[in-house]
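Encoded as structure tokens, the structure appears first; notes follow it.
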Amino acid sequence: MDLLSRTTWALVCVTLGLQLGCGEGTGPERPRPSPVDADGDGHLANLDCDDQDASVWWVAKGYLDVDGDGRGDPALPVTCVGDDTTGWTTVSDDCAPQDPTRWRSVPGLYPDQDGDGATGPGPVTACVGSTLAGYREQLGEPDCDDQDAEVWRSELAWADTDGDGVGGDVFKRWCPGKGRTPPAGHVTTTGDCAPGDASQWQLQAFSHRDEDGDGFTRPLTGVVCSGTELPPGFASTPAQPDCDDRAPNRTTLVERWADLDVDGFGHGTPVLRCQSPWESLPWETFRDGDCAPEDGQRWQLLAYASRDVDGDVFLAPETGQVCSGFWLPVGYSDKVLNQDCDDRDASRFRVWNVHADTDGDGVGAGPVAAVCGAWGVPAGHSVTDTDCEAGDASRWRLLSYAFRDADGDRYTVAQSGALCGGASLPQGYSTQVGWGLDCDDTNAAANHNVSAYADTDGDGVGAGAATTLCTAGQVPAPWSATSTDCAAEDVTRWQSLAASHVDADGDGFTTPIPATPVCTGQTLPLPYHPKAVGNDCNDAEPGLFRWAVLYPDKDGDGVGAPPRQVECIGQTVPAGLSLYGDDDNDQDPGQQVDEEQFEDLELILDL
């Protein structure tokens, strides 16, 4: 046992002695409590700083040393430890708890991360180890990039706001190096004469100006801020002379004619003026050739190919020229129009290709003829030649029919053909079927084919093969429209009814039979029935007709006792038997109920 353990045990003994009492006493001895050591590490609970962990037991003041450099993390204190002293320390000044190469803070240093002798901004307080790696105690030449030992001196870069590759007056310092470019928006060349215009950056000389941008120039020398070429409006060679370089629509001297009627066209001798081709002084114009100098609505000769001599707005072919405005005047056209068949008569202008209509029904006949007329078809003529009866105004066209009704009963027969008619087909002819197909178009009283069957016994129901009769729609006597008579010679029977029950003994109760057809009249004859009447248990004996569950009644008191039996009986129960089977003593007519059972029953009912 080591010293610490022995000391701990002595303290326990002293403590227990004080608790249990020491020295002489007259009372009984108190029981001593058993010592507690929950984690079994040999240290009692009251002296163990963590009695749930056998690896630690004594109180310490230390700090975790994660990187193992002998200095702990002040943010991670240690309070309970064991025999193992690794992983913690009593020193708490580690400035880099995760880095074993650094642990101390040194003030007044200058950064030199790339080791090129040039330093960054300082002084600073740095976390270092046994050496001052990455830092210097003395200020060196300023380092613009402390991560690259090959670069430390900065240079100037000028702002290129217009992106033309030449900077203006504003600059910033940048750190050049292999593979590096100036800061975004900056270049190493300066001298931009137009920092806000990417198309201009250098001064160039010019000898001519085109101030109004019309492509005509005037002599003028100077320099202007440019790009690779002179900007628009400046040139080093002359173009056509400009008579007015401040107005782009005025370039060369133009001719002007007097225009007294102000229609845009003049006449007479022209004068020269510095104006645009479309610009004129009042009463002047840039166009000559006015064919009507005193009429503002006409100024040019236009050719025509048709004209209207009689003024009926219809034109006939004729060529020539006429003094006009923007277009030919009314009554003239530049197209060859053959609209007027008589241009000397305003009431006639249209050629009609018509046929003679002698009966005036609007439909003509005979050969076509050209007639000069007006808007409507000339009187006594028609544009059609389909009149099938030229001398009858009520008939003028061939009408097709598909059905005939010769007897006038409105029932038709299929018969096609055509006849000369008027607005509609005459009576007795049609394009559609009438009320139906006529089986006899010579007799108005017969128009329907009906199927009939011979009714020999006159009961209204026929039999045998069907016979087709042409009638007004009804089947006449002695025929019938049905053929289901099962007894053609018996007037009392004509239909087959299904019997499913029979009462053979006539006692009014039936027994089932297979479905059996019976030839009869309105109803089934006896002993047949269409449905059950009771359930006859013996249809051969009229006195027996129902099944019953019976019990022997030996004492004749009306109540029997088991065993039960099923019997076919009539209206009454046979002697010696009963419908009831709860007689507790069938040998004694005076006792039918068990007293104890009766009392039990009463008790149950009372509940």
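The values are calculated or read from the model by the stated rules, or taken from the named source; none is laboratory data. Remember, predicted model here, so these are calculated numbers, not experimental data. For neighbour counting, all protein chains shown are included, and Cβ atoms are generated from backbone atoms with ideal geometry for every residue, glycine included. The area values use the complete protein model at the heavy-atom level, side chains included, leaving out ligands, DNA and RNA. Shrake-Rupley method; radii C 1.70, N 1.55, O 1.52, S 1.80 Å.
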Calculated FRET efficiency, residue 240 and residue 262, Cβ-Cβ r, R0 25 Å, to nearest 0.05? 0.20
Once Rh is set to the Kirkwood radius over Cα pairs, what Stokes-Einstein translational diffusion coefficient, in µm²/s, holds for region 266-307 at a temperature of 20 °C and a viscosity of 1.002 mPa s? 175
Magnitude of the charge dipole, region 303-348, Cβ model with Lys/Arg +1 and Asp/Glu -1, debye to 20: 160
Quick one: P(r) of region 248-340 from all Cα-Cα pairs, 5 Å bins, percents rounded to integers, in order of increasing distance. 3, 15, 18, 15, 13, 11, 9, 8, 5, 3, 1
If each DSSP helix of 4+ residues adds -39,500 (n - 2.57) and the sum is divided by the residues in the chain, what number results at 222 nm, nearest 500 deg cm²/dmol? -1500 deg cm²/dmol
Exposed-loop-free span, longest in the chain, where trypsin sites (Lys or Arg not before Pro) count as exposed if DSSP calls them loop and at most 10 other C-beta atoms lie within 10 Å: 345-530
Share of pairwise Cα separations in region 37-121, more than 14 Å, in percent: 68
When the dipole is taken about the Cα centre of region 125-188, and only Lys, Arg (+1) and Asp, Glu (-1) are charged at their Cβ, what size is it in debye, to the nearest 20? 160
Taking only C-alpha positions in region 303-348, Rg and Dmax in angstrom work out to 10.1, 31
At q = 0.06, 0.08, 0.10, 0.11 Å⁻¹, base-10 log of I(q)/I(0) for the chain (Debye sum, equal scatterers on each alpha carbon): -0.83, -1.10, -1.18, -1.19
accessible surface per residue for region 362-404, probe 1.4 Å, DNA/RNA/ligands not counted, whole Å² -> 57
For region 58-100: Kirkwood Rh in Å [reciprocal of mean 1/r, alpha carbons]: 10.0
Simple label model, 7 Å out from Cα along Cβ direction - residue 321 to residue 546, nm: 13.5
How long are the semi-axes of the equivalent ellipsoid of region 148-199, taking √(5λ) for every eigenvalue λ of the Cα gyration tensor, in whole Å from largest down? 24, 10, 7
Average accessible surface area per residue within region 316-361, 1.4 Å rolling probe, Å²: 64
Region 81-189 accessible area per residue, 1.4 Å probe, protein heavy atoms, integer Å², reads 60
Stretchable slack from residue 386 to residue 83, in nm (0.36 nm times residue separation minus alpha-carbon distance): 95.5 nm
For region 480-569, state what percent of all Cα-Cα pairs lands in each successive 10 Å bin, counting from 0 Å until the bin that includes the largest distance. 16, 30, 23, 15, 8, 5, 2, 0
Portion, in percent, of the accessible area of the chain that falls on carbon or sulfur, probe 1.4 Å: 54
Once amide H atoms are placed 1.01 Å from N in the peptide plane, what residues at a sequence separation of 5 or more from residue 546, or on another chain, have their amide H within under 5 Å of its amide H? 537, 569
Given the candidates 100, 90, 70, the one whose Cα lies deepest towards the positive end of the charge dipole of region 58-100, counting +1 at each Lys or Arg C-beta and -1 at each Asp or Glu C-beta, is 90
Put +1 on the Cβ of every Lys and Arg and -1 on every Asp and Glu Cβ in the chain; which of 320, 364, 452 then has its Cα farthest towards the positive end of the dipole? 320
Given Cβ charges of +1 for Lys and Arg and -1 for Asp and Glu, the option among 339, 523, 264 whose Cα lies farthest towards the positive end of the dipole of the chain is 264
